[in-house]
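**Student:** Pasting in a structure now, in structure tokens, and then I'll have a few things to ask.
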Amino acid sequence: MALSLLLVLLQATPVRNASTTAPPAAQPSAGSVAAWTLHFTGEVRWQQTTPAGALLVATDAALAGVDIERGQIAWQKNDLGGLSADSVHMIEGSLLMEAAKPGVSVIFDPVTGTVLFDSRALSLTRVVTRRALPQSGTLLVHGQRASGPPLVALYDLATGKQRWVSESLFQQTEPKRGGLGGLMQGLVRAASSGTRLEVLQAGPDLIVVYTLLGLRALDARTGAIRWTASLPMAHSGSLPHQVHLYASLRKNDRIYVSYDDRLMAYGIADGRALWAKPANIDGWIRDIVEHPAGIVMLPESPPADQATGNVRIVNGVVQTGLNIARYEDGTMLAPKPLRMHGTVKDALPTGGDALVLAIDAESKTFVNVLNVPTATLRLQKDVKIKGQLDYAELVPAGLLYISRSDASTNGEVNVIDLSSGEPKYKDAVEGGKNSVVLHATEGGTLYVYANKDHHLYAVNRQDGSYRALGPEIRLQGDEDPTTLEVRTAGLVLTSAQNMVIVSRDGQIKQQVYHPAPQLPGLMRALYRINSVRAGLYGAAATSYGDAFAQASRSTSDTVVKRVTAELATAYSQGGAQLTGYSQQAGALASKRFKASLATPSSVFVLTKGPEGNGNVLLQIDKDTGQPRSRVDLGKQREPVYAVDDISGMLFLQTTPGTLAGYRL
């Protein structure tokens, strides 16, 4: 399944006005007319757009949700007034938000304002686990109380109604032991209650969780424990260090559980182990790839004093061994694990039988190519490359790759000959220190920009040959480009304050630059990447299934996890909704998700006002380099504003208690 669609985010983070007195009102420039204006009790402290599409506005008096399409205050919560911006955050992989202050945690739907969970209702002193499960339309919460056993509760995502609450999850199911064994049982039970649960939706009516006490399958309707299962360990009484749960993408009667160096399949109906013994590798299992030919277990180097199974240490690095398990019985395709230098950080699908492996050892990157059906490596030994692997594909000439720079070496574009293991070019296209070699594909050409020599290159995706295009491209303000995009008008390079439109032969067609205001906080409000688009994709992954989640997990991209083109297309064209959430939240998020799949045709640039006073937000068209719209942010040093690039709107506090929404 080919990975694609590198998501580039542009979204404002909350900013609080630092002024102690009412600042001058921010006035829009001529031609900019507010689509709506809202008045709040108290000064607007901060605001932020949520993945669900609602705008959260915080004042000293309340936390409010704004319907940005209609320009209406949808709800207000007076008990959440005065919260700081870092007290409100998204629940990972969901559309929900959590507001937290000392002793209180409130989880709510930002579109409807419905409170799904309030820690005060269950007298919880600490919330340990929060997990939205849209397939069953529920939110699972696990926490501890000042006295009494820990609780696990399930809530309806749409209404906030509590479905059930249980104290039984952490009860000992094994026979009670005496002496030291009994003491250890008690310690494990106490530790498990404070450890975050591993949670997997295993069908619409079943939730599987792992605690230190073992696997538990819960009835999503009642909370009753349907079955329990233990993880077969190499030594009796020992506990695994690392456990992951996986949905089965190819057989709907099971789930997979990896723990330390082992992998086991369990039946959904009764928790029965489906294999005679676990599959195993050398090292701990970091992740799995469910390939048609078998389950590829990607290893990582455990701490030397915690390694299990066969341990081989070279130069202080715990060596690992990769293997592939058969779906039918868990036996291995390779008679012995395939030796790796260290942790397999990534496995990039190539669209066929092969996976490109990125291996990390002592912060150095090695690559190899795994043929899954035969459980063999194309390269005789792992090949060291410069920097960190960012992109790879198999071409007739070999393994074409792009790496990003790290602290010790520059990134590059090169081709590895699969017969010799040698790089094709000694003088490869090279990036600068601590940078990414920007790239974009069009047909048989891979375009790359290398900031070391400030040149644009065209790489032939068949034979790996490359050539420089046009003259040197330098950006003003001592900036380096952050994105490269292929558009009808040409190739577009952008940075925070620059845009360059280049023809396909490398000639500069247009270059624009807007100097940035010298206010770091103001710039962070626009250019600090946050989780809005990532939140949309996380929620879609949870809703559409763990297949989507696994696809996004198989990348090492640190900005945002890549999404497979196949699943993105299936989601956007197949009519699937973000099920389980309120009708309003699901419909709005689905609409925004589909809109976010399209690459934005403009960028937002914050610059100084033409008169030298105040700051202006410009929306710059990527095809022409010209401003589409302009909004004057006024003369405030730190205006309270946010931008939502999916809906194309700016939200600006024009007076201490007034918020205006502008369509850009």
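The values are calculated or read from the model by the stated rules, or taken from the named source; none is laboratory data. The model shown is predicted, which means the values in this text are computed figures rather than measured ones. Quick reminder, even Gly has a Cβ in these numbers, built from the backbone with ideal geometry, and neighbours come from all protein chains shown.
**Student:** Quick check, is Leu394 surrounded by fewer than 21 Cβ atoms within 10 Å (Cβ to Cβ), in a strand (DSSP E or B) and not small (Gly, Ala, Ser)?
**Tutor:** yes
**Student:** Okay, moving on. On the given criteria, is Leu38 assigned to a loop (DSSP other than H, G, I, E, B) and either modelled with pLDDT of 90 or more or more than 30 Å from Gln135 (Cα to Cα) (or both)?
**Tutor:** Against the criterion (assigned to a loop (DSSP other than H, G, I, E, B) and either modelled with pLDDT of 90 or more or more than 30 Å from Gln135 (Cα to Cα) (or both)), Leu38 does not qualify.
**Student:** I'd like to know if segment 470-478 contains one or more residues that are crowded, with 18+ Cβ neighbours inside 10 Å and under 14 Å from Ala440 (Cβ atoms).
**Tutor:** Checked against the condition, which is being crowded, with 18+ Cβ neighbours inside 10 Å and under 14 Å from Ala440 (Cβ atoms), segment 470-478 yields no hits at all.
**Student:** From the list Arg131, Arg126, Arg120, pick out the single residue that is out of contact with any helix residue (DSSP H, G or I) (no Cβ under 6 Å at 6 or more places or on another chain), in contact (Cβ under 8 Å) with a residue 12 or more places away in the chain, more than 28 Å from Ala587 (Cα to Cα) and part of a strand (DSSP E or B).
**Tutor:** Answer to the check: Arg126.
Matching residues to (1) in contact with a helix residue (DSSP H, G or I) (Cβ under 7 Å, 6 or more places away or on another chain); (2) assigned to a strand (DSSP E or B); (3) at pLDDT 85 or above; (4) buried (at least 20 other Cβ atoms within 10 Å of the Cβ):
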{"site": "Ser168", "(1), (2), (3), (4)": "no, no, no, no"}
{"site": "Ala191", "(1), (2), (3), (4)": "no, no, no, no"}
{"site": "Ala217", "(1), (2), (3), (4)": "no, yes, yes, yes"}
{"site": "Pro232", "(1), (2), (3), (4)": "no, no, yes, no"}
{"site": "His235", "(1), (2), (3), (4)": "no, no, no, no"}
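**Student:** Any residue in segment 463-472 that is part of a strand (DSSP E or B) and either of a type in the set (D, E, K, R) or under 25 Å from the mean Cα position of the chain (by Cα) (or both)?
**Tutor:** The answer is yes, given that some residue of segment 463-472 is part of a strand (DSSP E or B) and either of a type in the set (D, E, K, R) or under 25 Å from the mean Cα position of the chain (by Cα) (or both).
**Student:** Taking only segment 488-508 into account, find how many residues are in contact with a Pro (Cβ under 9 Å, 6 or more places away or on another chain), part of a strand (DSSP E or B) and not hydrophobic (A, V, I, L, M, F, W, C).
**Tutor:** 2
**Student:** Here's something else I'd like to know. Just one of Ser572, Ser556 is in contact with a helix residue (DSSP H, G or I) (Cβ under 7 Å, 6 or more places away or on another chain), surrounded by fewer than 22 Cβ atoms within 10 Å (Cβ to Cβ), under 30 Å from Glu442 (Cβ atoms) and at pLDDT below 75; which is it?
**Tutor:** None of the others qualify; the one that does is Ser572.
**Student:** Would you be able to say whether some residue in segment 354-369 is at pLDDT below 90 and buried (at least 18 other Cβ atoms within 10 Å of the Cβ)?
**Tutor:** yes
**Student:** Continuing with this model, one more query. What's the number of the condition Phe593 fails, among (1) surrounded by 20 or more Cβ atoms within 10 Å (Cβ to Cβ); (2) in contact with a strand residue (DSSP E or B) (Cβ under 8 Å, 6 or more places away or on another chain); (3) more than 20 Å from Gln47 (Cβ to Cβ)?
**Tutor:** Condition (2) is where Phe593 drops out.
**Student:** Could you please find all residues in segment 117-151 being more than 18 Å from Leu197 (Cα to Cα) and more than 24 Å from the chain's Cα centre (by Cα)?
**Tutor:** Asp118, Arg120, Ala121, Leu122, Ser123, Ala146, Ser147, Gly148
**Student:** Let me ask something else about it. Among the residues of segment 262-294, which ones are under 14 Å from Pro349 (Cα atoms), of a type in the set (A, V, I, L, M, F, W, C) and more than 23 Å from the chain's Cα centre (by Cα)?
**Tutor:** Once the filter is applied, which keeps residues that are under 14 Å from Pro349 (Cα atoms), of a type in the set (A, V, I, L, M, F, W, C) and more than 23 Å from the chain's Cα centre (by Cα), segment 262-294 yields only Ala293.
**Student:** Are there any strands (runs of 3 or more DSSP E) wholly within segment 581-658 with 1 or more residues that are charged (D, E, K, R) and without any contact (Cβ under 8 Å) to a residue 60 or more places away in the chain, and if so which?
**Tutor:** In segment 581-658, the matching strands (runs of 3 or more DSSP E) lie at 615-621, 627-632.
**Student:** Examine segment 377-385 for a residue that is closer than 29 Å to Gly443 by Cα and in a loop (DSSP other than H, G, I, E, B), and state whether such a residue exists.
**Tutor:** yes
**Student:** Listed residues Ala234, Ala247; which is closer than 26 Å to Met340 by Cα and touching a residue at least 12 places away in the same chain (Cβ under 8 Å)?
**Tutor:** Only one candidate passes the filter, namely Ala234.
**Student:** A further question on this structure: Filter segment 445-469 down to residues that are within 18 Å of Thr494 (Cα to Cα) and exposed (fewer than 15 other Cβ atoms within 10 Å of the Cβ), then give me how many there are.
**Tutor:** Summing the residues that are within 18 Å of Thr494 (Cα to Cα) and exposed (fewer than 15 other Cβ atoms within 10 Å of the Cβ) in segment 445-469 gives 1.
**Student:** So Ile268 fits all but one of (1) surrounded by fewer than 23 Cβ atoms within 10 Å (Cβ to Cβ); (2) closer than 29 Å to Glu362 by Cβ; (3) β-branched (Val, Ile, Thr); what number is the exception?
**Tutor:** The failed condition is (2).
**Student:** Okay, moving on. Inside segment 142-161, can you point out the residues that are among the polar types (S, T, N, Q) and free of Cβ contacts under 8 Å to residues at least 12 places away in the same chain?
**Tutor:** Result: Ser147, single match.
**Student:** Yes or no: Thr320 among the polar types (S, T, N, Q) and either farther than 29 Å from Ala358 by Cα or surrounded by fewer than 21 Cβ atoms within 10 Å (Cβ to Cβ) (or both)?
**Tutor:** no
**Student:** Can you name every residue in segment 412-442 that is of a type outside the set (A, V, I, L, M, F, W, C), in contact with a strand residue (DSSP E or B) (Cβ under 8 Å, 6 or more places away or on another chain) and modelled with pLDDT under 90?
**Tutor:** The answer is Glu430, Gly431, Gly432, Ser435.
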